[in-house]
1. Evaluate the following for Thr15: is it open to solvent by 60 Å² or more (accessible area, probe 1.4 Å) and in contact (Cβ under 8 Å) with a residue 40 or more places away in the chain?
2. Pairs needed: first member in region 22-44, part of a helix (DSSP H, G or I); second member anywhere, open to solvent by less than 50 Å² (accessible area, probe 1.4 Å) and of a type in the set (Asp, Glu); C-beta distance under 9 Å; at least 6 residues apart or different chains.
3. If you go through region 45-72, how many residues are exposed (fewer than 14 other Cβ atoms within 10 Å of the Cβ), touching a residue at least 24 places away in the same chain (Cβ under 8 Å) and not hydrophobic (A, V, I, L, M, F, W, C)?
4. Do we find that Ala39 is open to solvent by less than 20 Å² (accessible area, probe 1.4 Å) and over 15 Å from Ala69 (Cα atoms) in this structure?
5. Consider region 1-12. How many of its residues are assigned to a helix (DSSP H, G or I) and either of a type outside the set (Val, Ile, Thr) or open to solvent by less than 40 Å² (accessible area, probe 1.4 Å) (or both)?
6. Does Ile28 satisfy the criteria of being closer than 9 Å to Val6 by Cβ and either touching a strand residue (DSSP E or B) at 6+ places or on another chain (Cβ under 6 Å) or of a type in the set (Phe, Trp, Tyr) (or both)?
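The values are calculated or read from the model by the stated rules, or taken from the named source; none is laboratory data. Remember, predicted model here, so these are calculated numbers, not experimental data. Reconstructed Cβ throughout: ideal geometry from the backbone, glycine too, with neighbour counts over all protein chains shown. Remember, those area values only see protein heavy atoms, side chains included, never the ligands or the DNA or RNA. Shrake-Rupley method; radii C 1.70, N 1.55, O 1.52, S 1.80 Å.
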Amino acid sequence: MTFVIVGYGRVGARTARILHEEGHAVVIVENNPEKVERAREAEFDVIEGDGKNESVLERAGVADAAAVAGLT
């Protein structure tokens, strides 16, 4: 299953890590360059952009995702 997480703050990062440890694919959507870099360093797929933007969410694969979470 693939999960899309919008926001890579404290809660988003922890949720992403748990889902990944459980064997799920995780895509992070984040617009803060520092958090984008942290997510990439953690080896997550990252879409840089605003999670309110439909085209950004489409690039993240929301159509095929098991769930989408906005964790700001």
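1. no
2. Listed pairs, sorted by first residue: Val36/Glu30; Arg38/Glu30; Ala39/Glu30.
3. Matching residues across region 45-72 total 3.
4. When the stated conditions are applied, Ala39 passes them.
5. 2
6. yes
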